[in-house]
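Structure record follows, encoded as structure tokens.
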Amino acid sequence: MSTFTKTMRIVGDLDDEFYDDERQRDVWNEASAIGFQLFLWAGLIGGAILPWAANTTGAWIALGILVVSTLISFATIGYSAVRGVNIYTAAKAGRLRGIVVGVIAAVGYVGVLVRLQSDVYSQVSSWAGAAVGAVAGGGVVALIIWQMRKRNARFEAEEI
């Protein structure tokens, strides 16, 4: 078991005897998933609102919230991947929920960028470059997800 997996099991307290009862484990896992999602939604919405509502101070707070939420999401996805469950093959692509999350996160990150901008972004060409970079980066991420789905589908087809 890797250090990452051991650490995540300790954080989740997964070796507690509480998890021995299957029904308790299932209900608690559902409740934990709901709590995690509520935390992420609250963080994303707060991160999207703070730069606009609380100026520079709110932008710094929003940046912290958004970065921590993003890192926790990646750790969660990473743990499931280490355990053999790839969220990108199991989930439907382009779900409305995922699009809404992406838009809220983008509003938050753009709000932070706007509030904390330096004179570099005072020119229209700089904003255009940032927009092109964001679209290109999003395209690369979409391509990586597409490749992962394709590879995993091939592996699943070979197992049958």
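The values are calculated or read from the model by the stated rules, or taken from the named source; none is laboratory data. All values derive from a computational prediction rather than experimental measurement. Quick reminder, even Gly has a Cβ in these numbers, built from the backbone with ideal geometry, and neighbours come from all protein chains shown. The area values use the complete protein model at the heavy-atom level, side chains included, leaving out ligands, DNA and RNA. Shrake-Rupley method; radii C 1.70, N 1.55, O 1.52, S 1.80 Å.
Quick rundown of the values:
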item	result
Positive-end residue, segment 1-102 charge dipole about Cα centroid, Cβ charges, pick of T7, W28, G43	G43
The chain: most fluctuating residue of V68, V100, V132 per GNM, C-alpha cutoff 10 Å	V132
Residue-averaged 222 nm ellipticity for the chain, from DSSP H runs of 4+ at -39500 (n - 2.57), nearest 500	-28500 deg cm²/dmol
Rounded tilt (10° steps) of 124-159 against the dominant C-alpha axis of the chain	20 degrees
Whether the chain is rounded, prolate or oblate, judged on the alpha carbon gyration tensor where a/c under 1.5 counts as rounded	oblate
Most mobile listed residue (G35, G58, G108) in the chain, GNM with C-alpha springs under 10 Å	G35
Given charges at beta-carbon only (K, R positive; D, E negative), |dipole| of the chain in Debye	740 debye
Surface per residue (accessible, 1.4 Å probe) for segment 31-103, Å²	61 Å²
Gyration tensor verdict on segment 22-104 (Cα atoms; rounded if a/c is under 1.5, prolate if a/b is larger than b/c, oblate otherwise)	prolate
Prolate/oblate/rounded call for segment 1-68, Cα gyration tensor, a/c under 1.5 rounded	oblate
